[in-house]
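Here is the structure we will look at, set down as structure tokens.
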Amino acid sequence: AGQLLKLVQRCKLLWQLAERSQERGAETLKLLTDLPCIPIVGARDALGTPVLISVRAAERRKVLALNDFTQQERTILEGYGCLFIEPVKHLRRALNIDKASMAVSLAHAFESRYRDAGPVEKESGRLYMGLKQCRMPLQEVLPLRGLIRSLLQRRRIPNDARAFDALPIFETLGGEVAIPLSPASARVMSPSEDWDELLKQHFADYLPSWHGEAGELLEEMGRERGPLVGFLADFCGPRLGQLSQAICIRFLEAAASLGNALWNNQAAPKDHAKVAKYCHEAPMVVFLSGSGIVQRRCRCSDLADPGESAQFGILGGDETFPPEAYCTPVVLSVMRKAGLRNLTDPAVFLQVACAAESSSDAARVSRMLLQHLASCSEALKWPSRTWNALARLRIFPSLMPELMGQASPPSDPAAFCSDVRCVSLDAPCALWRHADLAWTQLPILDPRTFDKWPPALLRCFGGIKNPPQMPTVQENLVIASLRWSEDSDQEVLEQRQQLVARHLEFLGTATRRSHVNLVMAQTNLAMTPFIVMDDGSFRKPCDIFSALHDGSSDEEEAPPQSKPEKLRGRCKTPWTLPRYLRPFRRFLLAVAGPMVDSKQSIPSVQVGTAPDAKDMPSYFRAALNKPELADVEFVLPPSDGGPPRFIYAHRLMLAAACSHFHSAFMSGLSQALGSTGRCRIDMPEWAESRPLLWLLAYLYHDYDPEKAWVVARQLDSSSMPVATAPSKAVRGKARLPKFLNDDTGDDLCMLLRLAEYYSLDHLMQWTERRLQGMLTADNVLSMSTHAFFCNANQLLRVCIYHMQVMYATLVLTDAWEELDDGIKELVLRQLQAAP
């Protein structure tokens with residue numbers, strides 16, 4: 001023991017000599033850097049030998065000076081692993097020892113305690129990703145916390161020393177452990193007490209407590225909560241797929257408080273941009289079961305905006321919309337900017353309509369939904385398949401079907417609106433304004449809903465007959481007259497005559513349009529007793545054929561004062577039929593003609609030798625885009641402010657070659673006649689002349705696309721100038737692909753879109769194959785976008801394959817960043833699935 005004490009004395013003597021040499025200018029400390037000559041105060045090894053360390057080891061182990069602390073303070077610090085020495089002046093300066101070194105020494109001591117602390121291992125590991133269990137039991141660190149507070153209050157250490165953040169002296173909300181504030185992975189620093197309460201369930205051992213003595217310590221050390229945007233971007237955002245519904249809602253409310261700067265894509269700060277990205281991409285909308293269990297999570301873009309739909313009363317239990325907890329103005333304002341869809345989206349509207357169909361109050365909900373549809377119909381650009389799917393739903397209010405069995409049409413809609421039932425429009429229906437023409441044949445739609453619909457919206461539903469078709473009106477007149485004949489009530493005589501006049505007015509107009517309609521009327525009405533006489537009896541048109549010749553031929557056409565002087569007074573025989581029939585004398589004469597009941601056979605016509613049959617097909621084909629015999633005109637939007645452009649075709653040829661045109665002409669499009677008498681078809685804004693001529697020539701020339709291309713070029717060059725580049729409306733949002741032959745490539749892209757528009761599968765497949773041959777590294781991205789939005793699945797699969805091959809090159813380009821997320825998902829999904 002005496003020798004050990006002598007060794008320690010010799011070390012102290014050595015340092016006194018070194019101190020004197022250092023004062024004389026010698027660099028003695030460098031010579032002693034690796035020499036174990038510094039005794040640790042009070043430290044002994046297993047054999048009781050004093051512990052000596054070198055200058056380098058003392059610097060590494062962050063030793064403290066003995067005379068800087070009292071005995072009580074030293075006892076506390078030694079309990080946490082701090083080492084003490086008795087340094088001379090130059091050694092103290094060399095080791096940078098002062099009173100504030102205590103924080104560094106303690107941090108070094110604690111570092112060895114939780115050096116092996118790894119990530120948190122719990123069931124929801126992603127919830128705790130990036131966090132480490134750097135903590136100590138609270139009872140063990142209370143003496144140290146008291147010591148630090150005492151030193152701070154006596155100003156023996158600066159209160160802004162960040163080194164103390166690394167000490168596990170900060171009590172958590174859980175109350176069991178203490179954590180350091182540094183590194184950031186050891187704690188969760190929320191921006192407010194509200195956030196503390198929300199996060200406490202899962203992060204109680206990571207949230208510093210700001211109450212009581214723990215809060216006083218943080219205040220004395222000058223520590224504050226972190227900024228909100230950084231907390232949202234770095235902590236909440238990556239965990240949104242695991243956090244509770246309440247936290248996700250709070251995240252959206254906090255995002256709203258950041259203002260419009262969050263959505264400024266170009267000038268937003270980094271953290272703001274990250275928060276906006278999480279709002280778009282994170283599954284933060286949480287659906288809960290009745291017992292509070294999470295059923296599913298989805299993104300904002302997967303749901304519809306309930307702001308327009310809450311009034312319909314169908315939000316409960318329908319997963320088309322966010323849960324009710326999300327339906328606040330503040331939360332919805334963020335969700336709308338994050339991609340929340342609205343009722344102008346066809347898929348969303350169909351989902352809402354399906355929910356309305358199954359609603360317990362279907363009539364009221366459907367009426368409100370259809371009123372909303374009418375209010376925004378001008379902005380809708382829905383495909384025909386959407387309208388067809390909507391028409392198949394039983395959401396269209398109609399008056400009670402008992403009306404079809406009555407002898408007279410309803411006169412007051414208010415008397416029937418109390419019993420409204422919903423029907424589908426896949427079968428014919430009539431509007432209230434035409435109820436007196438079709439009440440025995442068709443359901444009558446509720447006027448409170450459909451009288452406010454614009455004509456363009458009515459035309460979207462083929463089941464709405466506006467006006468009714470001629471066979472319907474004829475049959476309605478026949479059935480009504482049969483019912484009237486069973487009841488000879490004189491009080492309704494005038495009403496019945498007015499109804500007959502209404503039918504005759506409609507039929508007379510229809511027969512003037514087409515001789516076929518006249519033959520149909522003659523066949524069905526000539527022998528039907530529907531003429532209501534003034535005595536209440538019923539007559540056939542054939543019965544009054546002779547009486548129809550009485551009166552002036554122009555008496556029903558114009559008032560007497562407007563007739564030429566030479567025609568006045570020409571009629572000798574007065575009009576003996578009911579007065580209401582006079583305006584329809586010519587129509588009735590045509591119906592009750594002399595050949596109605598004749599047995600005479602049709603005279604034969606002798607036909608000579610027919611011309612060469614092979615000239616006929618070529619004649620029909622050559623008539624394409626020639627107005628002389630055309631009965632269809634396609635109207636293209638004007639280019640460069642000029643007049644509209646016309647392409648001429650023939651209804652018979654189109655109906656024979658294409659089922660789309662056949663259905664269109666048979667469902668009432670044939671009635672959409674222009675001023676020239678031709679069937680007018682207005683093309684979309686993106687349509688161009690040469691691709692449309694290509695498609696029509698394809699139909700005219702036996703489905704031969706190659707031959708059709710030659711014909712289209714000839715017709716286009718002879719009839720109108722060739723466009724040098726597609727218009728903006730053609731290009732749409734995405735850039736059109738670049739081709740070696742721009743003319744052919746752009747025309748093929750437009751032809752693909754037209755083929756999809758008119759459901760020409762063979763032409764669409766042929767165009768896909770031609771475009772496949774034009775694929776290059778420069779246009780594969782834009783080609784995939786065009787194929788994606790044209791539903792060209794075969795071409796899209798080819799593009800996806802080449803994009804996977806060139807993925808390493810494409811992913812670095814700006815075009816890849818602008819690519820639609822749906823296409824990226826197809827590429828990346830298959831890349832991840834590849835072995």
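Some points to look at:
- Within segment 218-239, if we keep just the residues that are more than 18 Å from residue 178 (Cα to Cα) and of a type in the set (D, E, K, R), the residue that is farthest from the chain's Cα centre (by Cα) turns out to be 234.
- Hey, residue 95 crowded, with 18+ Cβ neighbours inside 10 Å and modelled with pLDDT under 85 or not: yes
Matching residues to (1) surrounded by 20 or more Cβ atoms within 10 Å (Cβ to Cβ); (2) outside any loop (DSSP other than H, G, I, E, B); (3) aliphatic (A, V, I, L, M):
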site	(1), (2), (3)
343	yes, no, yes
350	no, yes, yes
354	no, yes, no
360	no, no, no
364	no, yes, no
368	no, yes, yes
374	no, yes, yes
387	no, yes, no
397	yes, yes, no
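- All conditions but one from (1) touching a strand residue (DSSP E or B) at 6+ places or on another chain (Cβ under 8 Å); (2) closer than 23 Å to residue 749 by Cβ; (3) at pLDDT below 85 apply to residue 723; the one that does not is (1).
- Condition check for residue 122: more than 24 Å from residue 60 (Cα to Cα), in a loop (DSSP other than H, G, I, E, B) and at pLDDT below 85: yes
- Tally, over segment 616-658, of residues that are exposed (fewer than 12 other Cβ atoms within 10 Å of the Cβ) and touching a residue at least 12 places away in the same chain (Cβ under 8 Å): 1
- Residue in segment 735-746 that is surrounded by fewer than 19 Cβ atoms within 10 Å (Cβ to Cβ), at pLDDT below 75, within 22 Å of the chain's Cα centre (by Cα) and not in a helix (DSSP H, G or I) present: yes
Results for (1) closer than 17 Å to residue 301 by Cα; (2) within 23 Å of the chain's Cα centre (by Cα); (3) surrounded by 13 or more Cβ atoms within 10 Å (Cβ to Cβ), shown as yes or no for each residue.
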residue: 243; (1), (2), (3): no, no, yes
residue: 247; (1), (2), (3): no, no, yes
residue: 254; (1), (2), (3): no, no, yes
residue: 262; (1), (2), (3): no, yes, yes
residue: 267; (1), (2), (3): no, no, no
residue: 270; (1), (2), (3): no, no, no
residue: 277; (1), (2), (3): yes, yes, yes
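- Between 153, 201, the distinction of being touching a helix residue (DSSP H, G or I) at 6+ places or on another chain (Cβ under 8 Å), touching a residue at least 40 places away in the same chain (Cβ under 8 Å) and among the polar types (S, T, N, Q) belongs to 153 only.
- Of the residues making up segment 679-707, those that are part of a loop (DSSP other than H, G, I, E, B) and in contact (Cβ under 8 Å) with a residue 60 or more places away in the chain number 6.
- Meets criteria (in a helix (DSSP H, G or I) and under 56 Å from the mean Cα position of the chain (by Cα)) for residue 482: yes
- Residues (in a helix (DSSP H, G or I), surrounded by 15 or more Cβ atoms within 10 Å (Cβ to Cβ) and polar (S, T, N, Q)) located in segment 766-809: 767, 772, 782, 784, 785, 804
- Considering only residues in segment 304-327 that are part of a helix (DSSP H, G or I) and modelled with pLDDT under 85, the one that is nearest to residue 290 (Cα to Cα) turns out to be 310.
- Those residues of segment 57-86 which are more than 22 Å from residue 148 (Cβ to Cβ) and touching a residue at least 24 places away in the same chain (Cβ under 8 Å), in sequence order: 58, 59, 86
- Candidates 334, 330, filtered to the one that is touching an Asp or Glu at 6+ places or on another chain (Cβ under 6 Å), of a type outside the set (Asp, Glu) and either modelled with pLDDT of 90 or more or outside any strand (DSSP E or B) (or both): 330
The values are calculated or read from the model by the stated rules, or taken from the named source; none is laboratory data. These numbers were taken from a predicted model, which means no experiment stands behind them. Cβ sites come from the backbone with ideal geometry, for glycine too, and all protein chains shown count toward neighbours.
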